[in-house]
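The values are calculated or read from the model by the stated rules, or taken from the named source; none is laboratory data. Small disclaimer: the values here were computed from a predicted structure and weren't measured. Cβ atoms come from the backbone with ideal geometry, glycine included; neighbour counts cover every protein chain shown.
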Amino acid sequence: MSELPLVSIITPSYNQGAFLEDTIRSVLSQEYPNLEYWIIDGGSIDGSLEIIEKYADRLTGWVSEADQGQADAINKGFSKTRGEIVAWLNSDDVYRPRAIENAVSAFQSHPEVGLVYSDVDSIDEQGDLFNRMRYDQWQLVDLMTFNILGQAGVFFRRSVLEHAGGLDLSYHYLLDHHLWLRMALQAKLMHVPGQVWSAARMHAGAKNVSDAAGFGQEAYRLVQWMSDDHRFAEHFMRHEKKIWAGAHRLDAFYLLNGDQPAASLRAYWRGLWKNPGTVLKDWRRILFAVVGTFLKGFSGNQLRNSYLDRRKKMLLRSILQESLESEPIDDENRN
């Protein structure tokens, strides 16, 4: 155990009692032995405290007090923990088995890397898998053009966090992306292909559903911040059109998720005007936005949901096939 780095996991929580226990159990069931786990609750009144107290003897610590939002809660966790490797897991998300062990292994194999990330599953309110978010080997410019990492699948070194600084309390939607950008200025990022360390839960109360417009607003704010910060100057001048197109694409993505197809289509059009190649990757979603905008009586989300249902079935078949192929052959019983 002394050879394994201490890993700090923080869960910010506020009135997420419906999902909090699943989150806690997913952390405590990790088989990684050198782990500290803090829950930073914002003063929940929905039964969350009873859930936290149920597991209190297995936690490194917890607090429940009023705060200034998610970023403030996570920053409190940063200040209370001491692990060499750090991550936070929101109170409606879960870790997959061996997530921490695999993340640590990636760091140990690549000492030059400051942040590692995996693909991330999407689950519904009941915890059922319906999508898998797949990523690529992205670095600073990729993040500047709004390729978004699945936060639940990200781990980073404390040394990188200390140089980048904590979360900015004025961001409420893209607070993680703002931090990743600052980390990418100073450290290499690494995607670990073929692994899924976490699942992000999509539900009616989630910000990316209930307040979709907020993401685009903060994306445009990030563009302005990058344009004003000299550390990004060289890349910004070279990739300005792609950066703006990426911001419009992200705005359109969340507006469509929030069932605002006309607003989504306008954002896609602005992105196409800036850089078509950046936006045309979402050609299916553009079609859904068109249908939802112009075909009365038929929601673009109906078409989108039908497509997602087909993708879910294909994904589950693929996972089942991978599982069967990875099972060792029992020579005694294979006939």
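What the table shows:
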{"item": "Residue match in the stretch 168-176 (condition: part of a helix (DSSP H, G or I), more than 20 Å from A103 (Cβ to Cβ) and not small (G, A, S))", "result": "yes"}
{"item": "Residue check for H163: within 18 Å of V86 (Cβ to Cβ) and either out of contact with any helix residue (DSSP H, G or I) (no Cβ under 8 Å at 6 or more places or on another chain) or surrounded by fewer than 21 Cβ atoms within 10 Å (Cβ to Cβ) (or both)", "result": "yes"}
{"item": "Residue, farthest from L140 (Cα to Cα), within the stretch 237-281, restricted to residues that are touching a Gly at 6+ places or on another chain (Cβ under 6 Å) and of a type in the set (V, I, T)", "result": "V279"}
{"item": "All positions within the stretch 287-316 that are at pLDDT 65 or above, hydrophobic (A, V, I, L, M, F, W, C), within 26 Å of Y135 (Cβ to Cβ) and surrounded by fewer than 20 Cβ atoms within 10 Å (Cβ to Cβ)", "result": "L287, M314, L316"}
{"item": "Filter result for E112 (in contact with a Pro (Cβ under 8 Å, 6 or more places away or on another chain), surrounded by fewer than 18 Cβ atoms within 10 Å (Cβ to Cβ) and either closer than 25 Å to L185 by Cβ or modelled with pLDDT under 95 (or both))", "result": "no"}
{"item": "Unmet requirement for A212, which otherwise passes all of (1) at pLDDT 95 or above; (2) surrounded by 21 or more Cβ atoms within 10 Å (Cβ to Cβ); (3) touching an Asp or Glu at 6+ places or on another chain (Cβ under 9 Å)", "result": "(1)"}
{"item": "The stretch 31-50 residues that are assigned by TED's automatic domain parsing to the domain that holds G69, paired with ones that are in a loop (DSSP other than H, G, I, E, B) and among the charged types (D, E, K, R) (beta carbon under 7 Å, 6 or more apart)", "result": "E31/R98; G42/D67; G43/E65"}
{"item": "Residues satisfying the stated conditions in the stretch 126-153, i.e. hydrophobic (A, V, I, L, M, F, W, C) and part of a helix (DSSP H, G or I)", "result": "L140, V141, L143, M144, A152"}
{"item": "Within the stretch 52-75, considering residues that are in a helix (DSSP H, G or I) and without any contact (Cβ under 8 Å) to a residue 40 or more places away in the chain, the one nearest to G17 (Cα to Cα)", "result": "I52"}
{"item": "Positions within the stretch 45-75 being crowded, with 17+ Cβ neighbours inside 10 Å, among the polar types (S, T, N, Q) and within 23 Å of the chain's Cα centre (by Cα), in sequence order", "result": "S48, Q70, N75"}
{"item": "Pairs where the first residue, in the stretch 101-125, is in a helix (DSSP H, G or I) and the second is β-branched (V, I, T) and at pLDDT 95 or above, C-beta under 6 Å, 6+ apart", "result": "A103/V116; A106/V116; A106/V192"}
{"item": "Filter pass, S91 being modelled with pLDDT of 95 or more, under 16 Å from the mean Cα position of the chain (by Cα) and small (G, A, S)", "result": "yes"}
{"item": "Some residue of the stretch 13-33 being among the β-branched types (V, I, T) and surrounded by fewer than 20 Cβ atoms within 10 Å (Cβ to Cβ)", "result": "no"}
{"item": "Residues located in the stretch 255-269, provided they are in a helix (DSSP H, G or I) and in contact (Cβ under 8 Å) with a residue 24 or more places away in the chain", "result": "L255, L256, N257, P261, A262, A263, S264, L265, A267"}
{"item": "Count of residues meeting criterion [surrounded by 21 or more Cβ atoms within 10 Å (Cβ to Cβ) and in contact with a strand residue (DSSP E or B) (Cβ under 6 Å, 6 or more places away or on another chain)] in the stretch 143-159", "result": "8"}
{"item": "Some residue of the stretch 77-86 being within 16 Å of the chain's Cα centre (by Cα) and under 22 Å from W180 (Cα atoms)", "result": "yes"}
{"item": "Qualifying positions in the stretch 125-154 - of a type outside the set (S, T, N, Q) and more than 15 Å from the chain's Cα centre (by Cα)", "result": "E125, G127, D128, L129, F130, L140, V141, D142, M144"}
